[in-house]
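To start, the structure under review is shown below, and the notes come after it.
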Amino acid sequence: MKCRLCGKKPVIYMPHHRLALCREHFDSWFLKHLERTVKEFRMFSKDDGILVAVSGGKDSLALWDALLRLGYRADGFYLDLGIGDYSKRSREAVERFAGERGAKLIIRSLSEELGGIPLLVERTGRESCSVCGSVKRYFFNKVAKDHRYAVVVTGHNLDDEASSLLGNLLSWNLKYLGRKHPVLPQEGGFVRKAKPLCRFTEKETALYCLLRGIDYVEEECPFSEGATSIFYKEILNRIEERSPGTKMRFYLEYVRKVLPLFGQDSKESLGRCRVCGEPSPSEVCTFCSLRERVLNFIGTGRSSTG
Ligand code: SF4
Ligand code: ZN
Ligand code: ZN
């Protein structure tokens with residue numbers, strides 16, 4: 001097999017694109033494919049202030065690096081979730097990345113402001129990833145608005161999007177199915193959100209990092225162990241092995257053909273949280289009710305070692 005563009009030895013073969021590329025041409029393909037995705041879905045322009053939510057993992061750091069190389073005004077935001085050594089190493093990776101490039105990085109610490117994820121789980125009895133999801137949504141939106149960014153971008157890749165689509169389809173979760181677009185507009189107190197890596201596989205973002213020398217955190221969050229999303233990814237990978245291109249088709253054809261059928265009906269009308277003023281389907285938003293429960297817990301004198 002040879003690089004399609006120069007005939008040199010390829011570093012990757014992407015069966016879903018029927019494309020083998022050498023190191024140099026994979027790098028330029030990655031940037032072009034990213035720019036095409038941004039433009040096709042009208043995610044943002046070179047004039048927009050972009051806040052990249054970075055976790056320290058391969059996807060978000062690859063995204064931040066590529067956006068900077070393409071000349072976008074992309075700053076980073078890291079939310080320290082207080083998940084032991086995992087958060088410590090992730091924070092170090094993000095700080096190192098930003099320091100090496102002289103890029104602007106905003107950091108907030110959940111442990112300092114409310115309590116890390118393990119403490120919140122202990123005090124609320126809620127499932128870790130559900131608490132974490134609520135907290136991240138709140139901070140991404142709030143920080144982007146406070147700092148006047150036009151859009152928040154996350155490193156969700158094709159494998160993430162296809163597996164979450166499968167999960168939501170299996171339970172016919174119409175609320176989430178109606179919002180599975182790679183870009184969600186600014187509305188009702190929410191800033192615009194976009195997923196520019198939605199057409200890249202995990203393998204492609206990992207290779208990009210490797211070739212660019214990006215030192216990302218390989219270990220997964222300890223709470224992700226046994227997650228259903230990982231099981232769905234495995235199933236989709238098995239299907240992909242038998243018929244290459246299925247994963248990409250499954251996701252993109254959903255976005256192109258099915259999502260438009262939802263129309264306006266799928267849009268949730270939200271009020272404002274009476275405590276913080278952020279958009280919320282109930283009187284008090286999830287973040288403020290978490291905060292209330294943590295404070296009440298302390299008020300009842302039930303001390304914790306967390
Ligand atoms: Fe948060 Fe769950 Fe992801 Fe860990 S695995 S970072 S707890 S959403
Ligand atoms: Zn080549
Ligand atoms: Zn609130």
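The values are calculated or read from the model by the stated rules, or taken from the named source; none is laboratory data. Quick caveat: nothing in here was measured; it's all calculated off a predicted structure. For neighbour counting, all protein chains shown are included, and Cβ atoms are generated from backbone atoms with ideal geometry for every residue, glycine included. Accessible surface is based on the protein model in full, side chains and every heavy atom, while ligands, DNA and RNA are left aside. Shrake-Rupley method; radii C 1.70, N 1.55, O 1.52, S 1.80 Å.
Observations on the structure shown:
- Looking only at residues in segment 172-189 that are of a type in the set (A, V, I, L, M) and more than 19 Å from Arg42 (Cβ to Cβ), the one that is surrounded by the most Cβ atoms within 10 Å (Cβ to Cβ) is Leu177.
- Some residue of segment 35-43 being away from ligand 3 (no atom under 16 Å from the Cβ), under 18 Å from the mean Cα position of the chain (by Cα), closer than 17 Å to Thr201 by Cα and of a type in the set (D, E, K, R): yes
- Segment 52-63, residues that are within 15 Å of Lys193 (Cβ to Cβ) and either within 16 Å of ligand 2 (Cβ to nearest atom) or surrounded by fewer than 24 Cβ atoms within 10 Å (Cβ to Cβ) (or both): Ala53
- Matching residues, segment 220-244, being farther than 30 Å from Glu127 by Cα and either surrounded by fewer than 13 Cβ atoms within 10 Å (Cβ to Cβ) or within 16 Å of ligand 3 (Cβ to nearest atom) (or both): Glu241, Arg242, Ser243
- Being within 16 Å of the chain's Cα centre (by Cα) and free of Cβ contacts under 8 Å to residues at least 40 places away in the same chain holds for only one residue in Tyr138, Tyr176, and it is Tyr176.
- Of the residues contained in segment 8-30, none is found to be on the phi > 0 side of the Ramachandran plot and open to solvent by less than 40 Å² (accessible area, probe 1.4 Å).
- Selected residue (only one of Lys39, Lys2 is more than 23 Å from Ala93 (Cβ to Cβ), free of Cβ contacts under 8 Å to residues at least 24 places away in the same chain, open to solvent by 40 Å² or more (accessible area, probe 1.4 Å) and within 11 Å of ligand 2 (Cβ to nearest atom)): Lys2
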